[in-house]
Amino acid sequence: HGGGGGEPELFSGVEVDMGVACGNGVVGVVYLVSTHYSVVIPVLNTAMSRISCAIRDRHYFGYLSWDGRNPSVAYVEDIPRHAHFKRGEWVVTSGYSSIFPPDIPLGTIEGSKIINGSTYDIDIKLFQDYSAIRYVTLVSNLDREEISSLERKEAGK
């Protein structure tokens, strides 16, 4: 972002890459900000970067994805084959990204399948009804800048 002519870069404190959540969990990520508006890319956008998430209290983590079919079901990719979990357990944000802190709820485990013999894809029923979002909360990860700096250094290798 950035503005010329003295225009503010923020809309009421909203910044690009802030997380967006509501009472039922993660909604998406702020993508664009202007003087009076902002655009949020929801979790249910197949072009969105994947959200790092974990099986609560088990410390196995993967990435939330959506296949574009059912708006109330997503899946978690890359859970290790040795992971133990069961239907009904919660999936939450892992805290391993610069956008969301840990433990924001996403949904519950509904089922799983083994991929290429080495990892699980886990189907999750999302807590958030994306057709009924009215109010949201902006999430600012206080460690975002430090995490982003490390990610840039790693990408530069």
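The values are calculated or read from the model by the stated rules, or taken from the named source; none is laboratory data. No experiment lies behind these values; they were computed from the predicted model shown. Cβ: placed from backbone, ideal geometry, glycine included. Neighbour counts: every protein chain shown. Ligands, DNA and RNA are excluded from the accessible area calculation, which covers all protein heavy atoms including side chains. Shrake-Rupley method; radii C 1.70, N 1.55, O 1.52, S 1.80 Å.
Applying a threshold of 8 Å to beta carbon distances and a minimum spacing of six or more residues, or different chains, the list of pairs starting in segment 68-87 at a residue that is within 11 Å of SER112 (Cα to Cα) and ending at one that is among the acidic types (Asp, Glu) and open to solvent by 40 Å² or more (accessible area, probe 1.4 Å) reads TYR75/ASP67; TYR75/ASP123; ARG87/GLU110.
Residue count for segment 84-122 under the criterion of being over 26 Å from LEU150 (Cβ atoms), in a strand (DSSP E or B) and touching a Pro at 6+ places or on another chain (Cβ under 9 Å): the result is 2. Tell me yes or no: at least one residue of segment 128-145 is open to solvent by 70 Å² or more (accessible area, probe 1.4 Å), at pLDDT below 75 and in a helix (DSSP H, G or I). Yes: segment 128-145 contains one or more residues that are open to solvent by 70 Å² or more (accessible area, probe 1.4 Å), at pLDDT below 75 and in a helix (DSSP H, G or I). Quick one: would you say SER148 is small (Gly, Ala, Ser), within 18 Å of SER65 (Cα to Cα), surrounded by 11 or more Cβ atoms within 10 Å (Cβ to Cβ) and within 16 Å of the chain's Cα centre (by Cα)? So SER148 does not fit the description; no. For segment 67-91, the set of residues classified as open to solvent by less than 50 Å² (accessible area, probe 1.4 Å) and modelled with pLDDT under 85 consists of GLY68 only. All told, ILE109 falls short of being open to solvent by less than 60 Å² (accessible area, probe 1.4 Å), closer than 16 Å to ARG69 by Cα and not small (Gly, Ala, Ser).
Which one of the conditions (1) among the basic types (Lys, Arg); (2) assigned to a helix (DSSP H, G or I); (3) surrounded by 11 or more Cβ atoms within 10 Å (Cβ to Cβ) does LYS125 fail to meet, given that it meets all the rest? LYS125 satisfies every listed condition except (2). Put simply, of ILE104, ILE114 the only residue that is surrounded by fewer than 16 Cβ atoms within 10 Å (Cβ to Cβ) and at pLDDT 85 or above is ILE114. Restricting attention to segment 17-44, the residues that are outside any strand (DSSP E or B), over 24 Å from GLU145 (Cβ atoms) and open to solvent by less than 60 Å² (accessible area, probe 1.4 Å) add up to 1.
If the condition is being open to solvent by 30 Å² or more (accessible area, probe 1.4 Å), among the hydrophobic types (A, V, I, L, M, F, W, C) and in contact with a Lys or Arg (Cβ under 9 Å, 6 or more places away or on another chain), then segment 45-66 contributes no residue at all. Within segment 45-67, being assigned to a strand (DSSP E or B) and closer than 15 Å to LYS113 by Cβ holds for GLY62, SER65.
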